[in-house]
Amino acid sequence: MERDAAGLPSFASSCLAHPVYGDLLRRQTYKTAETVHAQGAPIREFGIVTEGCLKTARYTVDGHELCNGYFEKDDVFPELLYFTGEKVYTYNLLAVRKTTVMWLDTSFFELMLRTDSQMLYRFMLYLSKRGLKNQMLLCCLRYQTIRERIAFWVLWMDDIAQDGCVELPASQTIWANELRVSRSSLNQEAKRMEKQGYFRMDGCRLVVLDREGLELLL
């Protein structure tokens, strides 16, 4: 069972294994680029990503896609929209690749939080973690260069890593979109920083080798 930074089972894992509500979950798998929900669709269920990745997107008047965020494994959605009063999706929700989602009716989800204090507590921890990540990304965007943004992101992720290894996003495109830079520019700068000994990338993980050097870049 997945655990959070506090050592407790994650909210997503707790939902899937819940003795009452776990049996009420509905499983659905989406193909790459498939629309899960279109902008304006009513919110009737909460989703938990168990495999793959979803993205939120809007489109400009000339048809360009603006990616606003991602939901990866163990992420819950659309919690912020629903609990702040929005009852419809304000973005298009798309599958980045083949993705499996477990769905729970909003009425059952609310009932679970009202009647199970442990689930409510774990949900609050989850919301805090997502809020902290969003705050970090906003701070990251204040830096002008790609190198500075990479350094800030790596240092922040290293602070919360539980085993000394930073988990990289599911793809370099996701990482580039989070840092608001082009994929090619991110790839070139990350490889340059790796050669200079700041960190080592091994597949989907990154190990910090020169934390002091990264700090001096900011």
With the charge dipole of the chain built from beta-carbon charges (+1 for Lys and Arg, -1 for Asp and Glu) about the Cα centre, the Cα from Leu93, Tyr121, Gln28 projecting farthest to the positive end belongs to Leu93
The Rg/Rh figure for the chain, Cα atoms and Kirkwood Rh, to two decimals is 0.98
Lys/Arg Cβ at +1, Asp/Glu Cβ at -1, dipole of region 128-189 taken about the Cα centre: which of Ile150, Leu138, Leu168 is farthest positive-ward? Leu138
Only four residue types carry charge here, +1 at the Cβ of Lys and Arg and -1 at the Cβ of Asp and Glu. Report the dipole size of region 138-218 about the Cα centre in Debye, rounded to the nearest 20. 400
Using a 1.4 angstrom probe with every protein chain in place, what is the largest-first accessible-area order of Val88, Val49? Val88, Val49
DSSP H segments from the chain that extend 20 Å or more along their own axis, Cα-based, with Kyte-Doolittle mean of 0.0 or above: 117-140, 146-160
Length-normalised contact order for region 118-218 - Cα pairs under 8 Å, 6+ apart - percent: 28
accessible surface per residue for the chain, probe 1.4 Å, DNA/RNA/ligands not counted, whole Å² -> 54
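Taking a quarter of the surface of the Cα convex hull of region 68-122, what do you get in nm²?
The orientation-averaged projected area of the Cα hull of region 68-122 comes to 4.6 nm².
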Tell me, what % of the accessible area of the chain is carbon and sulfur with a 1.4 angstrom probe? 52
Here Rg/Rh (Cα, Kirkwood) for region 117-198 equals 1.04
Treating only Lys and Arg (+1) and Asp and Glu (-1) as charged, each at its beta carbon, one finds that region 18-94 has a dipole about its Cα centre, in Debye to the nearest 20, of 180
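The values are calculated or read from the model by the stated rules, or taken from the named source; none is laboratory data. Quick caveat, the model's predicted, so the values are computed rather than measured. All Cβ positions, even for glycine, are placed from backbone atoms using ideal geometry, and neighbour counts span all protein chains on display. All accessible areas refer to the heavy atoms of the entire protein, side chains included, with ligands and DNA or RNA removed. Shrake-Rupley method; radii C 1.70, N 1.55, O 1.52, S 1.80 Å.
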